[in-house]
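Presented below is the structure to which this report refers.
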Amino acid sequence: MPAIPAPLPSPRESGFTVATDVPLYWAAYGSPGGKRVLLLHGGPGASHDYLLPQLMRLNDDAHPRDLLFYDQRGGGRSRTEAREPITWRTQVGDMARVVQELVAGPLVVVGYSWGGLLALLYAVSAQRDPSMRQIDRLVLLDPAPVTRAFRARFEAEFNRRQRSEFVERLRAQLAASGLRESDPEAYRHRAFELSVAGYFADPEAARDLTPFRVVGRVQESIWTSLGDYDLTESLTALRMPALVVHGREDPIPLESSTAVARALGAGLHVLEHCGHVPYVEQLDALLRVVNPFLL
C-alpha cells in the first residue's frame, strides 16, 4: 500500500504580503537571524509546499539560514479569482515587491525549475530597472528550459517517459488494485506519483515528493506570455555569483542548463543518478554542492 506523507512542519512565521497587488502567502522556516534565503518554487501555477520538507535542510547548525518561501500568484494559498491573465511580467513584478517587503539584507535566491527561470527573468528585468533590487547570489536547481526550443524537447521527452512500458505497467497495477474503493486517499497519492514519474531517474522515488497541484490556467497563461522565448543572449549581461545544478537524467535537456551556466559565467554541477527533483533524489549530494556556495 502506498505510504501517505506525514503532515508538513508548520512554518516558524507566515503571513500575506501587503506590497503586492493581491495578497501572496509567505512562510519562513529555519533560523531567525540567520541569512535570509528566498526560495522560488516551480510550476508555474504550483505552490511552495512541495519543496518541503527536504529543502528545510538548507538550514542546519553549521549553516543557520532563514528560509523564505512564498506561493506565487495564482497557486497554493495565493490563488486569485481575478480572470485577467497572469503573465511572466506579473510574476516578476510580484517577486520584486516580495523582495522589497520581506528581504532586508543581501538578495540570495534559490530557484527550482520554473522558479529558476523566474529568477532569471527577474534578474534580466532588474538589470534594466533601477528600482528593482539586484540578485546578490543565485542558485538554479534544474531550471526550466531557457528557450522555447529546449522546452519543446523537454515536453517530448517527458511525454515519452510517461508512456513507457514501466510506467504503464504501474498504472495498470494501480487500476487493478482496488485501492480507489478501499483507500481513496492512498489511491490519490499513488495516482499523483505516477503523474510525475517521468521527472525522476527512478520513478519509484516519486513517493517521496510532497503532492502538489498546478493550476492549469495559470500555467498556460504564463507560458503563453513568454511566446517563442530565448533568454540566452540577455543572460550574458548579468553579473552575479551563480551556480547551476542539473540532474543527469532530467527530462529537461542538460544543454539548457549548460547554456545558462555559460551565459552567466556560472559553475555547473551535474548530479548523477538524478532526474528533475534533486532535493528528493540526491539531497545529500545537492547539499554538498549548494551549502559551500551559499556560504
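The values are calculated or read from the model by the stated rules, or taken from the named source; none is laboratory data. As the structure is a computational prediction, the values presented were derived from the model and not from experiment. Every residue, glycine among them, receives a Cβ derived from its backbone with ideal geometry; neighbour counts consider all protein chains shown.
Would a scan of region 67-81 turn up a residue that is surrounded by fewer than 20 Cβ atoms within 10 Å (Cβ to Cβ), farther than 16 Å from LEU117 by Cβ, more than 13 Å from the chain's Cα centre (by Cα) and without any contact (Cβ under 8 Å) to a residue 24 or more places away in the chain?
The initial filter retains those residues of region 67-81 that are surrounded by fewer than 20 Cβ atoms within 10 Å (Cβ to Cβ), namely 77, 79-81.
Narrowing further to those that are farther than 16 Å from LEU117 by Cβ: 77, 79-81.
Okay, now just the ones that are also more than 13 Å from the chain's Cα centre (by Cα), so 77, 79-81.
Those still in the list that are without any contact (Cβ under 8 Å) to a residue 24 or more places away in the chain too: 81.
Looking for residues that are surrounded by fewer than 20 Cβ atoms within 10 Å (Cβ to Cβ), farther than 16 Å from LEU117 by Cβ, more than 13 Å from the chain's Cα centre (by Cα) and without any contact (Cβ under 8 Å) to a residue 24 or more places away in the chain, one finds at least one in region 67-81, hence yes.
For region 48-93, filtering for residues that are part of a loop (DSSP other than H, G, I, E, B), polar (S, T, N, Q) and under 20 Å from GLN282 (Cα atoms) leaves 1. Within region 149-162, the residues that satisfy the criterion of being touching a Gly at 6+ places or on another chain (Cβ under 9 Å) and either under 17 Å from ARG248 (Cα atoms) or exposed (fewer than 15 other Cβ atoms within 10 Å of the Cβ) (or both) are GLU157, PHE158, ASN159, ARG160, ARG161. VAL99 passes every criterion in (1) more than 30 Å from PRO292 (Cβ to Cβ); (2) not in a loop (DSSP other than H, G, I, E, B) apart from (1). Of all residues in region 235-284, those that are buried (at least 17 other Cβ atoms within 10 Å of the Cβ) and either charged (D, E, K, R) or in a helix (DSSP H, G or I) (or both) total 14.
Filtering region 130-144 down to residues that are of a type in the set (D, E, K, R) and in contact with a strand residue (DSSP E or B) (Cβ under 7 Å, 6 or more places away or on another chain), which residue is surrounded by the most Cβ atoms within 10 Å (Cβ to Cβ)? I'd like the intermediate steps shown before the answer.
Quick first cut of region 130-144, residues of a type in the set (D, E, K, R) only: 133, 136-137, 142.
Next, only the ones that are in contact with a strand residue (DSSP E or B) (Cβ under 7 Å, 6 or more places away or on another chain) stay: 136-137, 142.
Numbers: ASP136: 12, ARG137: 18, ASP142: 28.
The qualifying residue surrounded by the most Cβ atoms within 10 Å (Cβ to Cβ) is ASP142.
Pairs meeting the criteria (first residue in region 33-56 and closer than 13 Å to TYR112 by Cα, second residue part of a strand (DSSP E or B) and among the small types (Gly, Ala, Ser), beta carbons under 6 Å, at least 6 apart or on different chains) are LEU40/GLY111. Any idea which of GLY93, GLY76, GLY105 is within 30 Å of ASN291 (Cβ to Cβ), modelled with pLDDT of 95 or more and not β-branched (Val, Ile, Thr)? Result: GLY76 is the single residue among GLY93, GLY76, GLY105 that is within 30 Å of ASN291 (Cβ to Cβ), modelled with pLDDT of 95 or more and not β-branched (Val, Ile, Thr).
Counting only residues that are free of Cβ contacts under 8 Å to residues at least 60 places away in the same chain and of a type in the set (A, V, I, L, M, F, W, C), how many does region 267-295 have? Talk me through it step by step, then tell me what you get.
Residues of region 267-295 that are free of Cβ contacts under 8 Å to residues at least 60 places away in the same chain, as a first pass: 267-272, 282, 284-285, 288-289, 292.
From what's left, of a type in the set (A, V, I, L, M, F, W, C): 268, 270-271, 285, 289.
The number of residues fulfilling the criteria is 5.
With assigned to a helix (DSSP H, G or I), free of Cβ contacts under 8 Å to residues at least 24 places away in the same chain, farther than 28 Å from LEU117 by Cα and not aromatic (Phe, Trp, Tyr) as the only criterion, which of ARG190, ARG169 stands out?
Just a single option satisfies the conditions, and that option is ARG169.
Taking ASP228, is it farther than 18 Å from ASN159 by Cα, acidic (Asp, Glu) and surrounded by fewer than 15 Cβ atoms within 10 Å (Cβ to Cβ)?
On the way: farther than 18 Å from ASN159 by Cα: yes; acidic (Asp, Glu): yes; surrounded by fewer than 15 Cβ atoms within 10 Å (Cβ to Cβ): yes.
Criteria met by ASP228.
Checked across region 18-39, the condition of being over 15 Å from the mean Cα position of the chain (by Cα), assigned to a strand (DSSP E or B) and at positive phi holds for at least one residue.
I'd like to know if region 222-232 contains one or more residues that are in contact with a helix residue (DSSP H, G or I) (Cβ under 9 Å, 6 or more places away or on another chain) and in a strand (DSSP E or B). Please lay out each step first, then the result.
Taking region 222-232 as the starting set, the residues that turn out to be in contact with a helix residue (DSSP H, G or I) (Cβ under 9 Å, 6 or more places away or on another chain) are 222-223, 225-232.
Narrowing further to those that are in a strand (DSSP E or B): 230.
Yes, region 222-232 has at least one match.
Restricting attention to region 145-166, the residues that are assigned to a helix (DSSP H, G or I) and among the polar types (S, T, N, Q) add up to 2. If you go through region 145-178, how many residues are among the small types (Gly, Ala, Ser), out of contact with any strand residue (DSSP E or B) (no Cβ under 9 Å at 6 or more places or on another chain) and within 29 Å of LEU286 (Cα to Cα)? Selection size over region 145-178: 3.
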